[in-house]
């Protein structure tokens with residue numbers, strides 16, 4: 001199988017890498033991190049729009065570029081290397097993915113061009129206090145109200161939920177809390193009456209919010225797909241997001257590994273550079289092996305996001321998330337340990353890569369959770385395969 005990028009993909013890779021190198025080094029990132037209410041740069045967001053990155057996965061008829069999973073992988077890996085703060089995952093991959101995969105023609109025509117131009121920020125409001133990582137565990141209620149719906153409930157750890165213009169909300173229209181049927185997906189204006197948001201910084205430098213919905217009215221046109229039958233759509237788009245997260249994790253690990261190698265080659269102790277000590281060389285090799293294992297699985301996940309068989313897709317994506325989480329932890333730990341005390345300082349970037357890798361592991365399910373998913377499905381390769 002040919003894993004080489006074509007000319008257009010290489011051009012995209014070079015362009016994004018150049019933008020990150022020119023406009024997003026660690027010092028410039030630090031000026032934004034923690035120093036603005038939103039926690040990310042509107043100026044950089046406009047740059048992404050000008051380059052077409054915000055319209056990358058959408059059809060040209062809606063102002064997009066018509067890119068596929070490989071193009072998304074390229075962008076997310078570059079964003080991982082730069083520790084990007086902007087809400088690309090929530091807006092383009094998740095929110096935009098729901099519109100692309102399940103939105104009505106009117107929703108696509110109205111909203112996707114706004115995403116591509118950078119004028120619309122979306123956030124996926126799914127996690128609840130009791131749900132952990134289960135997408136079907138939904139207690140938030142959506143009750144029929146004339147032709148529309150009334151939402152009541154609460155969502156937790158909504159990434160960039162405090163700066164989003166619209167929220168993509170999971171809510172139960174029928175059944176019990178953990179039933180797979182009866183889940184709806186709704187677009188809610190973040191400033192609607194009854195919506196309360198409490199934003200806060202996450203440990204990796206991003207932003208999240210606790211959001212409550214109290215008698216929030218939405219029209220029939222706000223539903224994405226058929227209310228009550230949204231779970232397959234949610235699972236499909238979340239799988240696409242997990243593949244993107246795996247690619248981002250690869251970018252995070254690649255930079256952490258590179259920084260660590262440079263440090264081993266320059267840090268002198270006991271009259272020589274510490275990179276000459278064999279035990280440290282072994283740890284650097286362990287980091288490289290873990291990185292390449294995760295890279296291979298991220299590529300596999302990228303190939304499988306378009307798999308029509310939901311069971312096969314789910315096993316592949318879950319297995320990739322397991323490897324990305326485990327590799328990210330090993331690379332992050334080794335990077336910090338090989339740096340010594342400087343590795344945990346706020347002023348030095350390697351610790352920030354470890355924080356990001358840790359957060360990515362827990363986003364949409366950690367390694368342990370996804371390992372159980374693979375095991376429950378009979379393994380990555382089943383007897384039927």
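The angle between the Cα long axis of helix 350-362 and the longest principal axis of the Cα atoms of the chain comes to about 40 degrees, rounded to the nearest 10.
With neighbour counts taken as other beta-carbon atoms within 10 Å, the residues 329, 172, 313, 23 rank, fewest first, as 23, 329, 313, 172. Relative to the dominant Cα principal axis of the chain, helix 367-376 is inclined by about 60°.
All distinct Cα pairs of segment 88-223 go into the 1/r average, and the inverse of that average, the Kirkwood radius, is 14.9 Å.
Remark: relative contact order (the chain) = 14 percent; criterion is Cα-Cα distance under 8 angstrom and separation of 6 or more residues. Nearest 5 is fine: what % of DSSP beta bridges in the chain come out antiparallel, could you say? Close to 85 percent. With helices as the sole contributors, the chain gives -16000 deg cm²/dmol at 222 nm; each DSSP H run of n ≥ 4 counts as -39500 (n - 2.57), and the sum is divided by every residue. Largest first, the extents of the alpha carbon coordinates of segment 306-385 on the three principal axes equal 51, 20, 17 Å. Relative contact order, whole percent, for segment 242-385 stands at 30, derived from Cα pairs under 8 Å and 6 or more residues apart. Can you give me the angle between helix 42-51 and the longest principal axis of the chain, using Cα atoms only, in degrees from 0 to 90, rounded to the nearest 10? Helix 42-51 sits roughly 90 degrees off the main axis of the chain. Return the Rg/Rh value of segment 7-120, two decimal places, where both radii are evaluated on C-alpha atoms and Rh is the Kirkwood radius. Value, to two decimals: 0.97.
Counting every other Cβ atom within 10 Å of each residue's Cβ, 317, 224, 381, 70 order from fewest to most as 381, 70, 224, 317. Among 349, 144, 229, a tally of other beta-carbon atoms within 10 Å of each Cβ gives an order, fewest to most, of 144, 229, 349. Expressed in units of 2.2 N^0.38 Å, where N is the residue count, the Cα radius of gyration of segment 1-67 is 1.35. Based on Cα contacts under 8 Å between residues 6+ apart, segment 124-222 shows a relative contact order of 32 percent. Peptides 47-53, 97-103, 58-64 ranked from most to least packed, by the mean per-residue count of other Cβ atoms within 10 Å: 97-103, 47-53, 58-64.
With no solvent and one point per C-alpha, what does the Debye sum give as log10 I(q)/I(0) for the chain at q = 0.07, 0.13 Å⁻¹? Summing over Cα pairs of the chain leads to -0.31, -1.08.
Over all pairs of different C-alpha atoms in segment 231-376, the reciprocal of the mean inverse distance, the Kirkwood hydrodynamic radius, equals 15.8 Å. The packing ranking of peptides 277-284, 118-125, 371-378, highest mean first, is 118-125, 371-378, 277-284, where packing means the average number of other beta carbon atoms within 10 angstrom of each residue.
Rule-based calculations on the coordinates, nothing more; no lab input. The structure presented is a predicted model; accordingly, all values stated were derived computationally and were not measured. Counting neighbours? That spans all protein chains shown, and the Cβs are built from the backbone with ideal geometry, glycine included.
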